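Inspection log for the structure reproduced underneath, given as structure tokens.
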Amino acid sequence: MAFVNQLIKSTFKLHGFNLNTESTRILAESLSKIDEQNHEDTLEKIIDELAKKNLDGTSCLTKADIENVLKELNQNDKKSGEKVEIFHIIDAFDVPKSIYCEVTKKLIKLSNNSRSQAVNCRSLLGESRAKIDIFTQRFKIIHQRTMRHELFSPCVVSSNNIGKKKFQLKPIEYLLSNVNHVEDIIVLGMISQLKENKFFIEDQTGHLPLNLSDAKYHSGIYTEGCFVLAEGNLVDGIFEVKALGFPPAEFESTSR
């Protein structure tokens, strides 16, 4: 039962919903009546139904919200002879949009009613700001995922990782503020070509020219616009890269 409760809480939290004890209990009782392998699919159906409802923008679900959704799903299951919709066509302007909140450290779904706001403006011909928002949101998600990795996460006194080698990410503004020679720095940033035939690495705080002549590349395809982990030295305002690789991947269970 403890595992089921944890699955319920983590799944709903991933979609921006908070459950109280009573709501969690009701869901756990409903899941106990079906096979364990169908638990995740059932929770996704419940969340999809909740997303269709107008919950007044609140993320806190009440007992009544859960009971109403379960009742509707039970009624739909009892209906027979109806055609099953395999494909659903969603208007490009109605596709749900989310942004990453650095305070709560989770994705927040934007309401389509807030289209008047620049952050959720939909247009066939986007403004220049839209491109900036794309890479900004991508950087935030990749950065928080990288910081959760055991090589970059800070040591905890009670953790078993004490004594293991740790790495510390530095923002580009840290390098820009150092006029002297800086060695063995790791930076997370996007590869860009701000000048013709000259590559830079940039994040939200600034950009630096790259010297890739002696860089050792980890396996992968590197292109403009991709985010990388670059290790190297800062010499006379140029970041001389010693090793270039991609941010570590993460299991779904860890992301949840």
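The values are calculated or read from the model by the stated rules, or taken from the named source; none is laboratory data. These numbers were taken from a predicted model, which means no experiment stands behind them. No Cβ is skipped: glycine too gets one built from the backbone with ideal geometry, and neighbour counts run over all protein chains shown. What goes into the accessible areas is simple: the full protein's heavy atoms, side chains included, and nothing from ligands, DNA or RNA. Shrake-Rupley method; radii C 1.70, N 1.55, O 1.52, S 1.80 Å.
Observations on the structure shown:
- Rounded if a/c under 1.5, otherwise prolate or oblate - region 1-47, Cα gyration tensor axes: oblate
- Most to least accessible of LEU169, LEU125 (protein chains only, probe 1.4 Å): LEU125, LEU169
- Summing Lys and Arg as +1 and Asp and Glu as -1 over all other residues whose Cβ lies under 13 Å from the Cβ of GLY245 gives a net charge of +1.
- Net charge, ILE185 excluded, C-beta distance under 11 Å - Lys, Arg +1, Asp, Glu -1: -2
- Over region 126-256, accessible surface divided per residue gives 64 Å², non-protein components excluded, 1.4 Å probe.
- Across the cross-link table entries LYS33/LYS71; LYS140/LYS198; LYS195/LYS242; LYS106/LYS165; LYS63/LYS97; LYS198/LYS242, which are compared at the Cα atoms, the separations over 19 Å belong to LYS140/LYS198; LYS195/LYS242; LYS106/LYS165; LYS63/LYS97.
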